[in-house]
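Here's the structure, in structure tokens; my notes come after.
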Amino acid sequence: MPLRLLTSGYGGDVDILTFDPAAGTLAKSHTAKLDAAPTWSTLSPTRPLVYTGAEFAEPDGLVHALSYDAQAGTLTPLGGTAKVGAGPVHFALSHDGRHLYTANYSGGSLSTVELDGEGMFVEGSEETQKFKGVGPNKERQEAPHVHGVCVLSLSFLRRRLSSKAQTDAVERTDTSTRRASTSSQPTSAPT
């Protein structure tokens, strides 16, 4: 049975590649044209949707929603975007599929976008939290650059975590209150 791989990058396309393990072949089978630099894509675990960002959109980063037909192996842009912090490079969905979180590298921020019952962006729901600080190596850590975000589910608490390489900190946000706290200890001490 062929497998489908979703790829994207700086070229402005989101491609579907079909891999046939029996034949050992890999071929591009579909392309969806988008803005420049859809460098991260996330497949919804609950709906036939893919979310992808426009990392170099200015002045704000943008997130797009595409419908995904798994049987046909096609993507269709659904129109509409959500404005997030500059440079969205990594996404995570809440466990209930009602929120999309973006790590925004060049903006040094995290954004939250509310999703409706169909997984589409709720207009005007975007919230962005900008971080401040520098790391121990000021030459290369002049400002926060958020690299990733994930949603952890514990039996008693849901938290959003993100790492900020430029400040060597881990940010923890309680998603029920949207209040953040930053670890005072560096996660690493690069030289």
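The values are calculated or read from the model by the stated rules, or taken from the named source; none is laboratory data. Quick caveat, the model's predicted, so the values are computed rather than measured. Every residue, glycine as well, gets a Cβ built from its backbone with ideal geometry; the counts of neighbours run over all protein chains shown.
A few remarks follow.
- Residues in segment 18-26 include at least one that is touching a Gly at 6+ places or on another chain (Cβ under 7 Å), part of a strand (DSSP E or B), farther than 15 Å from Leu62 by Cβ and not basic (Lys, Arg).
- Meets criteria (modelled with pLDDT under 95 and surrounded by fewer than 22 Cβ atoms within 10 Å (Cβ to Cβ)) for Ser106: yes
- Phe121 meets the conditions (1) modelled with pLDDT of 95 or more; (2) crowded, with 21+ Cβ neighbours inside 10 Å; (3) within 26 Å of Leu26 (Cα to Cα) in every case but one. The failed one is (3).
- Among residues of segment 134-162 that are farther than 18 Å from Val89 by Cα, those with a Cβ under 8 angstrom from a residue that is polar (S, T, N, Q) and modelled with pLDDT of 80 or more, sequence gap 6+ or separate chain, pair up as Arg158/Ser94.
- Of all residues in segment 30-48, exactly one satisfies the criterion of being among the aliphatic types (A, V, I, L, M), within 15 Å of the chain's Cα centre (by Cα) and crowded, with 21+ Cβ neighbours inside 10 Å, namely Ala37.
- Residues of segment 102-122 that turn out to be assigned to a strand (DSSP E or B) and within 20 Å of Gly133 (Cβ to Cβ), as a count: 6
- Among the residues of segment 1-15, none is identified as part of a loop (DSSP other than H, G, I, E, B) and at pLDDT 90 or above.
- Matching residues in segment 6-29 - criterion: being within 17 Å of Thr76 (Cα to Cα), surrounded by 13 or more Cβ atoms within 10 Å (Cβ to Cβ) and not hydroxyl-bearing (Ser, Thr, Tyr): Leu6, Gly12, Asp13, Val14, Asp15, Ile16, Leu17
- Among the residues of segment 81-90, the ones that are out of contact with any Phe, Trp or Tyr (no Cβ under 6 Å at 6 or more places or on another chain) and closer than 14 Å to Leu115 by Cα come to 3 in all.
- Against the test of being among the aliphatic types (A, V, I, L, M) and within 23 Å of Arg4 (Cα to Cα), the options Val63, Val122, Val113 yield a single qualifying residue, Val63.
- Note on segment 21-58: among residues that are in contact with a Phe, Trp or Tyr (Cβ under 6 Å, 6 or more places away or on another chain) and free of Cβ contacts under 8 Å to residues at least 24 places away in the same chain, the one that is farthest from Arg4 (Cα to Cα) is Pro48.
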